[in-house]
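What follows is a short report on a single structure.
The values are calculated or read from the model by the stated rules, or taken from the named source; none is laboratory data. Treat the numbers as computed from the prediction; the structure is a model and nothing was measured. When we count neighbours, we look across all protein chains shown, and the Cβ atoms used for this are built from the backbone with ideal geometry, even at glycine.
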Amino acid sequence: VRRTGILTVTVRNRRSCALRAATAIAVVGAVLVVGAVGATAALRIPSPVSLVKLATRQPSTQGELFASHEIDASPNPRPLSVATKPLPTTVPWAGKNIPIEEFITRTSTNSFLVMRHGELVHEWYREGFEATTRQSSWSVAKSIVSLLVGHAIDRGILSETDRLVDILPELRTGTNYDDITVHNLLDMTSGVDVSENYNPYFPLTGTARMLLTTDLDQFLGDHRELVFQPGSKGEYRSVDTQLLGAVLARKEGRPLSDILRDDLWAPIGAQDAATWNLDRAGGEEKAFCCINATARDFAKIGKLVMDGGMVDGTSVVPAEWITRISTPAPNLVDEWGYSAQWWHPSGGSGQDFSAIGVYGQYIYIDPVTQTVIVKLSDHGAEQDEQQTIDVFRALARS
């Protein structure tokens, strides 16, 4: 199967991690045209040359254009057990059955892996991609941050009842913002006023600006207004994960990349080095997105969750945290179940859940059938997510 084009569709924001660079950057370039280096520096965003490069790259490879920290491969890599089996020839799509090859093409898939009972039963890569190709996680990173938080809570370093401003006192306002807890950040109930902006005419606001900024600390300090009271409802906001990452890094006293390397990447036996994009060289991680890794190592994350947080009989993420992420929280987030940075899509058995990134990145987990599916794509922004989950559910049942 060969992809012949990329369909970019801008829809109502629901589960985005960042603005589609090819739309946002195009507008920035139009505004800041020739010789606008001073303007971009004042705005604390990348240079015009960098913005043009971003505009011409597919989302899966944009991580190569941002500064990053490297996350070493595990010193004890664990290759996936392989037991190849055929997939169904057709899958459900928009009320009819279509060939699975058409599904893969239609959704601009780069990598597609299926695991069953801990074994890799299917592995496919588009031309130009292979098992060692790193691709961006986009918002799948949020779900990985959740696992790191669960590990920290298990060790007593952090608590869900901790207040944000008690850990990051420089953000204190003397307003209801100060009531935000780690629990609120995990379940997207903070109410912080940073919109999931997808409007190409306003690329320097909301999450779009957070993606581009070269100073995340200043961005967080500049955005401390609320649109609703913390805990009163759920609404997807990438800034919640950025704040959560800042809290975790402060409590741990080390960068998120080091936490990921030591507490997750090494224990799961990651076979390849990964990177985590930063706001600037030597800066801090974009916690809400942008871990660049191979499909197989993302599959190992799924297997870890499927196995109750265990690797070869050793607890890496506490079983209590796996229960936490696999149980929907009381507040829906944009009409879907949500819990500690993991999605619970509507329909199905109600027991499956998924990490989801904006351009078609998934780590899907179905505990009932012991199925893990990894799909990495360059699809339209938030496009066909429910239909894609329905395909995963059909494959899990098959």
| task | State which residue is nearest to residue 186 (Cα to Cα) when the search covers only segment 236-271 and only residues that are surrounded by fewer than 21 Cβ atoms within 10 Å (Cβ to Cβ) and acidic (Asp, Glu). | result | 252
| remark: If we take segment 180-295, then helices (runs of 4 or more DSSP H) inside it with 1 or more residues that are at pLDDT below 95 are 206-212
| remark: Note on residue 104: of the conditions (1) closer than 18 Å to residue 359 by Cβ; (2) touching a Leu at 6+ places or on another chain (Cβ under 8 Å), unmet is (2)
| request: Exactly one condition in (1) surrounded by fewer than 23 Cβ atoms within 10 Å (Cβ to Cβ); (2) touching a Gly at 6+ places or on another chain (Cβ under 6 Å) is not met by residue 277; state its number. | output: (1)
| message | Condition (residue is under 23 Å from residue 387 (Cα atoms) and surrounded by fewer than 16 Cβ atoms within 10 Å (Cβ to Cβ)) applied to segment 307-326: is it met by at least one residue? | response | no
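Residue-by-condition table, conditions (1) touching a helix residue (DSSP H, G or I) at 6+ places or on another chain (Cβ under 7 Å); (2) at pLDDT below 95:
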site	(1), (2)
326	no, no
349	no, yes
358	no, yes
364	yes, no
383	no, yes
390	no, no
| Going by the conditions given, is residue 269 of a type outside the set (Ser, Thr, Tyr), over 22 Å from residue 358 (Cβ atoms), in contact with a Lys or Arg (Cβ under 6 Å, 6 or more places away or on another chain) and in contact (Cβ under 8 Å) with a residue 40 or more places away in the chain? | yes
| note | Flagged pairs (Cβ under 6 angstrom, 6 or more apart or on separate chains; first in segment 324-345, of a type in the set (D, E, K, R); second part of a loop (DSSP other than H, G, I, E, B)) are 324/340; 334/14; 334/236
| Restricting attention to segment 328-352, which residues are surrounded by fewer than 22 Cβ atoms within 10 Å (Cβ to Cβ), within 19 Å of the chain's Cα centre (by Cα) and within 17 Å of residue 370 (Cα to Cα)? | 344
| Looking at segment 139-183, which of its residues are touching a Pro at 6+ places or on another chain (Cβ under 6 Å) and within 30 Å of residue 379 (Cα to Cα)? | none
| message | Show me the strands (runs of 3 or more DSSP E) found entirely inside segment 58-114 where at least 2 residues are modelled with pLDDT of 95 or more and surrounded by fewer than 17 Cβ atoms within 10 Å (Cβ to Cβ). | response | 90-93, 96-99
| task | Scan segment 162-179 for residues that are in a loop (DSSP other than H, G, I, E, B) and either at pLDDT below 95 or over 15 Å from residue 193 (Cβ atoms) (or both) and report the count. | result | 4
| query | Residues in segment 64-105 that are in contact (Cβ under 8 Å) with a residue 60 or more places away in the chain and out of contact with any helix residue (DSSP H, G or I) (no Cβ under 9 Å at 6 or more places or on another chain): how many? | reply | 8
| said: Looking for something of a type in the set (D, E, K, R) and crowded, with 18+ Cβ neighbours inside 10 Å - is there at least one such residue anywhere in segment 165-186? | reply: no
